[in-house]
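Notes follow once the structure below has been shown.
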Amino acid sequence: MLEPRDYLSVTVDPLRLAVLGHAAVGPVDIAGLANDLGISERKLQEIVGKLVGTGLLRRDLTLDRDALRAVARSLPKDAPIDPDLIAQGWSEEEARTLGKFFTGSRLKQIPTQHAKRLVVLERLAQEFEPGRRYQEKEVDFTLQLFYADYATLRRYLIDEQFMTRADGVYWRSGGRFPEQ
């Protein structure tokens with residue numbers, strides 16, 4: 001079976017990728033494809049031979065979809081959400097939502113659906129202590145620990161009133177607060 005690393009090393013070549021693309025819709029026509037790609041038939045035969053050798057192409061020069069599925073199954077799965085992120089006060093549904101968007105302690109993507117985005121933003125807001133004032137650099141640093149596009153997160157936190165900004169200073173103004 002082809003390992004994911006081997007699959008990547010084989011398919012990063014643009015010519016091999018072009019051959020696989022053509023094989024996905026039917027058998028590869030060596031003469032026609034060589035002409036389309038502007039390479040010699042001999043060169044294309046070498047490429048096809050390598051792809052057959054790896055198991056991505058069958059001997060009839062069609063794509064082996066089962067080989068691709070096997071590679072996909074062997075790819076690493078996302079790490080589950082860091083349990084510390086959902087340790088306090090989240091409903092099962094909220095925890096499931098957070099689990100869909102976090103891998104470990106990193107945010108995979110910002111949810112497009114408003115209700116799910118609010119859950120993620122509320123969780124991020126908990127990283128900021130109630131009553132404490134933060135400089136923009138501090139807010140950016142904290143958010144960057146979770147997601148590369150920290151500016152978008154910061155804007156959403158303000159827009160959704162989880163945080164307030166005035167005179168270049170930020171503070172947490174929404175979300176759940178610890179009980180006193």
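The values are calculated or read from the model by the stated rules, or taken from the named source; none is laboratory data. Owing to the predicted nature of the structure, the values given are computational and were not obtained by experimental measurement. Reconstructed Cβ throughout: ideal geometry from the backbone, glycine too, with neighbour counts over all protein chains shown.
Values computed for the structure shown
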{"quantity": "Enumeration of residues in the stretch 148-163 that are in contact with a strand residue (DSSP E or B) (Cβ under 6 Å, 6 or more places away or on another chain) and over 20 Å from Phe102 (Cβ atoms)", "calculated": "Ile158"}
{"quantity": "Which listed residue, of Leu75, Leu118, Leu153, is in contact with a helix residue (DSSP H, G or I) (Cβ under 6 Å, 6 or more places away or on another chain) and more than 30 Å from Leu17 (Cα to Cα)", "calculated": "Leu153"}
{"quantity": "Residues being surrounded by 15 or more Cβ atoms within 10 Å (Cβ to Cβ) and in a strand (DSSP E or B) - total across the stretch 90-106", "calculated": "3"}
{"quantity": "Where a residue in the stretch 71-95 is within 16 Å of Ala125 (Cβ to Cβ) and its partner, wherever it lies, is assigned to a helix (DSSP H, G or I) and β-branched (Val, Ile, Thr), with Cβ under 7 Å and at least six apart", "calculated": "Glu94/Val119"}
{"quantity": "Candidate set from the stretch 71-86 (those that are among the aliphatic types (A, V, I, L, M) and modelled with pLDDT of 85 or more); member that is nearest to Gly26 (Cα to Cα)", "calculated": "Ile81"}
{"quantity": "Positions within the stretch 95-142 being among the β-branched types (Val, Ile, Thr) and under 14 Å from Asp78 (Cα atoms), in sequence order", "calculated": "Thr103"}
{"quantity": "Check on Gln109, outside any helix (DSSP H, G or I), farther than 16 Å from Asp82 by Cβ, out of contact with any strand residue (DSSP E or B) (no Cβ under 8 Å at 6 or more places or on another chain) and free of Cβ contacts under 8 Å to residues at least 12 places away in the same chain", "calculated": "yes"}
{"quantity": "Residues that are surrounded by fewer than 18 Cβ atoms within 10 Å (Cβ to Cβ) and without any contact (Cβ under 8 Å) to a residue 24 or more places away in the chain, drawn from the stretch 139-149", "calculated": "Asp140, Phe141, Thr142, Gln144, Ala148"}
{"quantity": "Some residue of the stretch 31-48 being within 27 Å of Arg5 (Cα to Cα), touching a residue at least 60 places away in the same chain (Cβ under 8 Å), surrounded by 15 or more Cβ atoms within 10 Å (Cβ to Cβ) and not assigned by TED's automatic domain parsing to the domain that holds Arg165", "calculated": "no"}
{"quantity": "Conditions (1) closer than 17 Å to Leu85 by Cβ; (2) modelled with pLDDT of 95 or more; (3) surrounded by 19 or more Cβ atoms within 10 Å (Cβ to Cβ); (4) of a type outside the set (Lys, Arg): number failed by Met163", "calculated": "(1)"}
{"quantity": "Only listed residue being farther than 15 Å from Leu15 by Cβ, of a type in the set (Ser, Thr, Tyr) and in the same structural domain as Arg16 (by TED's automatic domain parsing), chosen from Thr54, Thr62", "calculated": "Thr62"}
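Conditions tested, residue by residue: (1) in a helix (DSSP H, G or I); (2) touching a helix residue (DSSP H, G or I) at 6+ places or on another chain (Cβ under 9 Å); (3) modelled with pLDDT of 90 or more.
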position: Arg5; (1), (2), (3): yes, no, no
position: Val28; (1), (2), (3): no, yes, yes
position: Ala31; (1), (2), (3): yes, yes, yes
position: Lys43; (1), (2), (3): yes, yes, yes
position: Gln88; (1), (2), (3): no, no, no
